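Below is one structure, written out as structure tokens; comments come after it.
The values are calculated or read from the model by the stated rules, or taken from the named source; none is laboratory data. The shown structure was predicted, so the numbers you read here are calculated from the model rather than taken from an experiment. Note that each Cβ is placed from the backbone with ideal geometry, even for glycine, and that neighbours are counted across all protein chains shown.
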Amino acid sequence: MTHVRLKNVNVSIPIYDSHALRLIRLPSFSNVRVGSDSASRSNGVIVIHALKNLSLELEEGDRVCLIGHNGAGKTTLLRLVAGIYPTSTGSVDVKGSAFTLLSGSIALNSDATGYENIRLIANLYNWPGDKYQDLVHDIEEFTELGVYLSLPTRIYSAGMQARLAFALATAQNPDILLIDEGIGAGDAHFQEKARERVNQFVSRARILMLASHSKELCRLMCTKALVLSKGESVFFGGVDEGFAYYEQMS
């Protein structure tokens, strides 16, 4: 059974003084003021306390929106579940394949063609060989890039790159889907197609974690809400109740 179980998790991120790696001495962190809630100083190193004593249990069917101010720990939590960030203390138990739809989560090789980028991503994420051609056809239809898929992606516009990256990111269906904020760049036609694709993608995922400030999007996609403040869980429950709690904090 797919699940996400976090127990007393802390994630601390050290920020080292940049002048230690340079020949030219730059101003150190000694004059930087830090607060005890979100950051501290240890032996000249500033430590960001991104998540603090966080416990969470999600099972199949859970669709949870992460609510909080910028810097509350939403993206850190998604990256932790995805395996990008390690814990400082505490335990993380994630069962099932997880995929992150984060900003810039798919980086294109600018010297490779669109089709070559598809092959690179297919090899990286172990797409099943018997479904490869079907996935390529799906990407062709979604992106509407036509002949441009045979050309280097360095000549693509930002919108064309966004279409291809988004199609690659949503080509397969993971057990756990992690989405950070809005859908990428593109024109109105692409935005509508992207929303439809995300809705289909979400419906097939067993667990969804969505970080968003949009009440409408959270109501549409989620059944539960986790409110974060300064890296701590301060509310876990219904979506409307979660936004009401968040608005009281503001």
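Before moving on, here are some points about what is shown:
- Subset of segment 69-108 that is closer than 24 Å to GLN248 by Cα and within 15 Å of the chain's Cα centre (by Cα) - its residue that is surrounded by the fewest Cβ atoms within 10 Å (Cβ to Cβ): ASN70
- Across segment 189-224, the number of residues qualifying as in contact with an Asp or Glu (Cβ under 7 Å, 6 or more places away or on another chain) and in a strand (DSSP E or B) comes to 3.
- Matching residues, segment 80-95, being out of contact with any helix residue (DSSP H, G or I) (no Cβ under 9 Å at 6 or more places or on another chain) and either in a loop (DSSP other than H, G, I, E, B) or under 21 Å from GLY242 (Cβ atoms) (or both): LEU80, VAL81, GLY83, SER88
- Residues of segment 129-180 classified as closer than 30 Å to GLY71 by Cβ and buried (at least 17 other Cβ atoms within 10 Å of the Cβ), total: 14
- Qualifying residue in segment 9-26 (condition: assigned to a strand (DSSP E or B), modelled with pLDDT under 95, over 24 Å from ARG219 (Cβ atoms) and basic (Lys, Arg)): no
- Here is the figure for segment 31-58: residues that are modelled with pLDDT under 95 and closer than 27 Å to MET221 by Cα total 1.
- Residue in segment 75-92 that is among the charged types (D, E, K, R), modelled with pLDDT of 95 or more and at negative phi present: no
- Positions within segment 112-147 being modelled with pLDDT of 95 or more and either assigned to a loop (DSSP other than H, G, I, E, B) or in contact with a strand residue (DSSP E or B) (Cβ under 9 Å, 6 or more places away or on another chain) (or both), in sequence order: ALA112, THR113, GLY114, GLU116, LEU145
- Test: residue in segment 219-226 that is out of contact with any helix residue (DSSP H, G or I) (no Cβ under 9 Å at 6 or more places or on another chain) and either at pLDDT below 95 or in the same structural domain as VAL9 (by TED's automatic domain parsing) (or both): no
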